[in-house]
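The values are calculated or read from the model by the stated rules, or taken from the named source; none is laboratory data. Small disclaimer: the values here were computed from a predicted structure and weren't measured. All Cβ positions, glycine included, derive from the backbone under ideal geometry; neighbour counts span all protein chains shown.
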Amino acid sequence: MKYILSSAIKQHLLSCKRIYIYMTNMRVLTYILCFGLALTSCKEETEQSVMDISEDGVLVEVIYGAGDSYDVQDAIKPYLPLPFNVAEKVVDDKTKLNFIILSDRIYQGQELNVIPIGAMRLSDDGVKKDFFIAIPSKEKRQTFKASEFSDFAVEHASIKWMIEQYFTNYKGFAKVKLLSWEDEQYALRKITAAKGQKPKG
């Protein structure tokens, strides 16, 4: 009799655990969808001015705005629209730096100055790739404050998690793998090295 009761209790606990995991996953998915919709529904400006280049900033060009489809090779189609802006810095014919800009939607082709606050290192089908996490230099464009990676990782951990999940899943299971997250100093070293400059400090 005790054995039957014990088995029943174990089965009940197992069922409760499965339900809890399912509900947790559903809450996370709902959060991602709501975040993406909130960004894409932001009021779009009809005119945007090119931001000034500051000493600590990098001039980049947006290639995908928040809400656009991430139309790159081998990406799953259809897939969720980008919940952030993707930009690049063309250094030369062989070198392009990739940036993720955290802000309201910015139009494709827009040039703006950004402040790198960290980097996400990926292995994309075996090819190592860096994405530099950045915010606009101009305060009126910033949707949150983060001058260092530690600020971003602690105070905006959910955004960091969403970026990671998007890029490790947009090509399907195990196609893209996260190697590591790095701070703003790593980002500065990599960017200045690519541009043939020496990091300051």
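For the structure I just gave you, tell me whether Ser150 is under 16 Å from the mean Cα position of the chain (by Cα) and either without any contact (Cβ under 8 Å) to a residue 40 or more places away in the chain or under 15 Å from Gly57 (Cβ atoms) (or both).
Yes: the conditions hold for Ser150.
List pairs: first residue in the stretch 101-125 and closer than 25 Å to Lys171 by Cβ, second residue among the small types (Gly, Ala, Ser) and assigned to a loop (DSSP other than H, G, I, E, B) anywhere in the structure, Cβ distance under 7 angstrom, at least six positions apart or on different chains.
Every condition considered, the pairs that remain are Arg105/Gly65; Arg105/Ala66; Arg105/Gly67; Ile106/Gly65; Gln108/Gly65.
Confirm whether Ser158 is hydroxyl-bearing (Ser, Thr, Tyr) and closer than 21 Å to Ile191 by Cα.
Taking the combined requirement at face value, the residue does not satisfy it.
Can you pull out the strands (runs of 3 or more DSSP E) entirely within the stretch 54-158 that have at least 1 residues that are among the hydroxyl-bearing types (Ser, Thr, Tyr) and crowded, with 16+ Cβ neighbours inside 10 Å?
Output list reads 58-64.
Looking only at the stretch 116-155, filter to residues that are of a type in the set (Val, Ile, Thr) and within 20 Å of Lys190 (Cβ to Cβ); which one of those is modelled with the lowest pLDDT?
Ranking the candidates gives Val127 first.
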